[in-house]
Amino acid sequence: MTRIIAGDAGGMRLAVPAAGTRPTSDRVRESLFGALEAADAIDGARVLDLYAGSGALGLEALSRGAASADLVELSKAAAGVVRRNALAVSRATGRAARVHHLGVHAYLLRSAGPFDLVFSDPPYDLDDTAMTADLVALAPLLSDDALVVIERAKRSTPPALHAAGLEEVRTKVYGDTALWWAQPAAESQSR
């Protein structure tokens, strides 16, 4: 069972697509969101959830006070699940959740941003070249003090953050899951 852990929609159960997604565990989300709240990264943030799956990451942020959440999912079945979850959480919070049914890279090339908090939880089999291309397309859409959280398998190659003008803030491993936190690099902000 996947649920919203805390905030205005705390305890709400979320539907999960029948196949093709890998929901972030409650334990990882609880730890991640505790750290994000400690960093004051959620309240009022414009959130982007890439490869949304069930939408649990973006919707958790919305429940905890984010101003809005844009959730991007390519799978038609998963996008339908995200849409239902987003509607329920939006009703509970009174804040906007928009679902975009298209590929992440296509969305990034069309979006205007800016985003303050981004979750990127791609399929573990997404190759490094595609991951880097997504990060490069994402970089111009970030606010100056944005935070990007990337979830991958622990055995994955670390994301090529510098290629996108990002710098690593921290890395945390939970079992087989690794989270990389990044922000716009100081030199890319001065350009």
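The values are calculated or read from the model by the stated rules, or taken from the named source; none is laboratory data. These figures come from a predicted structure and were not determined experimentally. A quick note on method: Cβ atoms are made from the backbone with ideal geometry, for glycine too, and the neighbour counts reach across all protein chains shown.
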inquiry  = Condition (residue is closer than 21 Å to PRO123 by Cα and part of a helix (DSSP H, G or I)) applied to region 152-170: is it met by at least one residue?
reply    = yes
query = Which condition number in (1) within 16 Å of the chain's Cα centre (by Cα); (2) part of a loop (DSSP other than H, G, I, E, B) is the one that GLY7 fails?
reply = (1)
ask   = For residues in region 54-75 being modelled with pLDDT of 95 or more and surrounded by fewer than 24 Cβ atoms within 10 Å (Cβ to Cβ), which is nearest to ILE5 (Cα to Cα)?
value = ARG64
request  = May I ask you to verify whether ALA97 is free of Cβ contacts under 8 Å to residues at least 40 places away in the same chain, aliphatic (A, V, I, L, M) and not in a helix (DSSP H, G or I)?
outcome  = no
task = State all residues of region 102-136 that are farther than 21 Å from ALA61 by Cβ, among the hydrophobic types (A, V, I, L, M, F, W, C) and part of a helix (DSSP H, G or I); if no residue qualifies, say none.
result = ALA106, LEU109, ALA130, MET131, ALA133, VAL136
request  = May I ask you to list pairs of residues, at least six apart or on different chains, whose Cβ atoms are under 6 Å apart, with the first in region 163-181 being without any contact (Cβ under 8 Å) to a residue 40 or more places away in the chain and over 12 Å from GLU151 (Cα atoms) and the second being part of a strand (DSSP E or B) and of a type in the set (S, T, N, Q)?
outcome  = VAL169/GLN183
